[in-house]
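The values are calculated or read from the model by the stated rules, or taken from the named source; none is laboratory data. For clarity, every value in this text was computed on a predicted model and none was experimentally measured. Note: ideal-geometry Cβ built from the backbone for every residue, glycine included; neighbour counts use all protein chains shown. Surface accessibility is based on the protein's heavy atoms, side chains included, excluding ligands, DNA and RNA. Shrake-Rupley method; radii C 1.70, N 1.55, O 1.52, S 1.80 Å.
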Amino acid sequence: MSAHLVELDKLNKWFGDLHVLKDIDLQVDPGSVNVIIGPSGSGKSTILRCINLLEEPTSGRVIFDGRDITDVRVNLNRVRTDIGIVFQSFNLFPHMSALGNITVALRKVLKLSDAEARERALQELEHVGLEERGESYPSQLSGGQQQRVAIARALAMRPKLMLFDEVTSALDPELVKEVLDIMQRLADEGMTMVVVSHEMGFAREVGTRLLVMDDGRILEDGVPKQIFVSPQHTRTKAFLSHVL
């Protein structure tokens, strides 16, 4: 059994004639916070979507928790219960309360009873500081609160891995901190995370590892503070000069 929770082995992804991921090799260790940065179109989000096979790699393997999940015999729905993903858009059901948004998958996928699902949903709302807003509908919540409900929904499945895809980029600046605080708390609790973000402060202070992407490749991979202080690649230097 591998010590890594995730291994990407020679991963390639094409969209028509566009080669988006180019021979990506990546290992993610349990408890690590891996932050991926880089210019738009460099392949960051595609890596996340390949990890839980929302995008099927054109070639290469995705090994999760010791299993090759690109194998056609693998039950992907079962695997995905162990991989939470939160997107830039909140993707909440507008006709359901915060509790309803969280309990629906618990009941339908994990087959929990209504009472069990509600209890777990309330636990996760408390986890993200929204225990008082369970009966609120998305239209009654701020963007930051909606994103925290989306995080609670993912956490309620009790995943082994959390993927975050630019989760603060659609938020007003004053709402960004409340979401980053939740992510920091998850990191402190030992959650394994892969985070695509342009929040450089989060990358520097919370990330245990920084991956810099450009043109479908990982240019640099190392300790965040070292890369920020002394980037090795000219493309990294150029990118950081625009965002720092």
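Kindly give the semi-axes, whole Å and largest first, of the ellipsoid equivalent to the stretch 46-155, taking each as the square root of 5 times a Cα gyration tensor eigenvalue.
29, 16, 11
Which number comes out as Rg/Rh for the stretch 173-214 once both Rg and the Kirkwood Rh are worked out on C-alpha atoms?
Details: Rg = 10.5 Å, Rh = 11.0 Å.
In the stretch 173-214, Rg relative to Rh is 0.95.
Can you tell me the orientation of helix 234-243 relative to the chain, as the angle in degrees between its alpha-carbon axis and the longest Cα principal axis, to the nearest 10?
With both axes taken from Cα atoms, the answer is about 40 degrees.
Using only the alpha carbons, work out the radius of gyration and Dmax of the stretch 161-244 in angstrom.
13.1, 35
If you plug each phi of the stretch 161-169 into the Karplus form 6.51 cos²θ - 1.76 cosθ + 1.60 with θ = phi - 60°, what whole-Hz ³J(HN,Hα) values come out, in order, with x for Gly and Pro?
Calculated HN-Hα couplings, in order: 9, 10, 10, 10, 10, 6, 6, 9, 6 Hz.
Give the ranking of Leu99, Leu110, Leu175 by solvent-accessible surface, highest area first, calculated with a 1.4 Å probe. Before the final figure, lay out the partial values.
On the way: Leu99 10, Leu110 60, Leu175 30 Å².
Order by accessible area, largest first: Leu110, Leu175, Leu99.
At 1.4 Å probe size, with no ligands or nucleic acids counted, give the accessible surface of Asp23 in Å², nearest ten.
Near enough 80 Å² of accessible area.
Ignoring ligands and nucleic acids, what accessible area does Glu131 show with a 1.4 Å probe (Å², nearest 10)?
My reading of the accessible area for Glu131 is about 90 Å².
Would you mind classifying the stretch 107-208 by shape? Square roots of the alpha carbon gyration tensor eigenvalues, ordered a ≥ b ≥ c; an a/c under 1.5 is rounded, otherwise it is prolate if a/b is larger than b/c and oblate if not. Spell out each step's value before the answer.
On the way: a/c = 2.22, a/b = 1.40, b/c = 1.59.
Oblate shape, in that a/c is at least 1.5 and b/c is the bigger or equal ratio.
With bins 5 Å wide starting at 0, give me the P(r) of the stretch 1-98 over every alpha carbon pair, in whole percents.
Answer for the stretch 1-98: a P(r) of 3, 11, 21, 23, 19, 12, 7, 4, 1 percent.
Might you work out the accessible area of Asp172 for me, using a 1.4 Å probe with all protein chains in place, and round it to the nearest 10 Å²?
Per-residue accessible area (Asp172): approximately 80 Å².
Run lengths n ≥ 4 of DSSP H only: what is the helix-derived mean residue ellipticity at 222 nm for the chain, with -39500 (n - 2.57) per run over all residues, to the nearest 500?
Values: 9 runs with 89 residues, N = 244.
Using -39500 (n - 2.57) per qualifying helix, the result is -10500 deg cm²/dmol.
³J(HN,Hα) across the stretch 39-49 via Karplus (A = 6.51, B = -1.76, C = 1.60, θ = phi - 60°), whole Hz, x for Gly/Pro?
x, 4, x, 7, x, 4, 5, 5, 4, 4, 6
Using a 1.4 Å probe and counting only protein heavy atoms, arrange Lys108, Lys160 so the residue with the most accessible area comes first. Could you put the intermediate results ahead of the total?
Values: Lys108 130, Lys160 90 Å².
Per-residue accessible area, sorted high to low, gives Lys108, Lys160.
Rounded to the nearest Å, what's the spacing between the alpha carbon centres of the stretch 202-244 and the stretch 73-91? Just the number, please.
For the stretch 202-244 versus the stretch 73-91, the Cα centre distance is 27 Å.
Which Rg and Dmax, in Å, describe the Cα atoms of the chain?
Rg, Dmax (Cα atoms, Å): 18.0, 56.
Heavy atoms only, probe 1.4 Å: what % of the accessible area of the stretch 146-219 goes to carbon and sulfur, would you let me know?
On the way: 1200 of 2680 Å².
Within the stretch 146-219, the accessible surface is 45 percent carbon and sulfur.
Per residue, how many Å² of accessible area does the chain show with a 1.4 Å probe? All intermediate terms of the calculation are to be shown ahead of the outcome.
Numbers: 11590 Å² over 244 residues.
About 48 Å² of surface per residue is accessible.
What FRET efficiency comes out for the pair Ser136/Asn77, r = Cβ-Cβ distance, R0 = 25 Å, nearest 0.05? Each step should come with its number before you reach the end.
On the way: r = 29 Å, r/R0 = 1.17.
Given R0 = 25 Å and the Cβ-Cβ separation, E is 0.30.
Run the numbers for Glu189 and Val109: contour at 0.36 nm per residue of separation, minus the present Cα-Cα distance, in nm. Don't jump to the answer; show the numbers that get you there.
Details: separation 80, 0.36 × 80 = 28.80 nm, distance 2.54 nm.
Extra length available between Glu189 and Val109 comes to 26.3 nm.
Through the Karplus equation 6.51 cos²θ - 1.76 cosθ + 1.60, θ set to phi - 60°, convert the phi angles of the stretch 121-128 into ³J(HN,Hα) values in whole Hz; use x for Gly and Pro.
With coefficients 6.51, -1.76 and 1.60, one gets 4, 5, 4, 6, 5, 5, 4, 9 Hz.
Could you please state how large a percent of the accessible area of the stretch 63-134 is carbon and sulfur, counting protein chains only and using a 1.4 Å probe? Kindly include the intermediate steps, with their values, before the conclusion.
Details: 1950 of 4000 Å².
Solvent-exposed carbon and sulfur of the stretch 63-134 make up 49 percent of the total.
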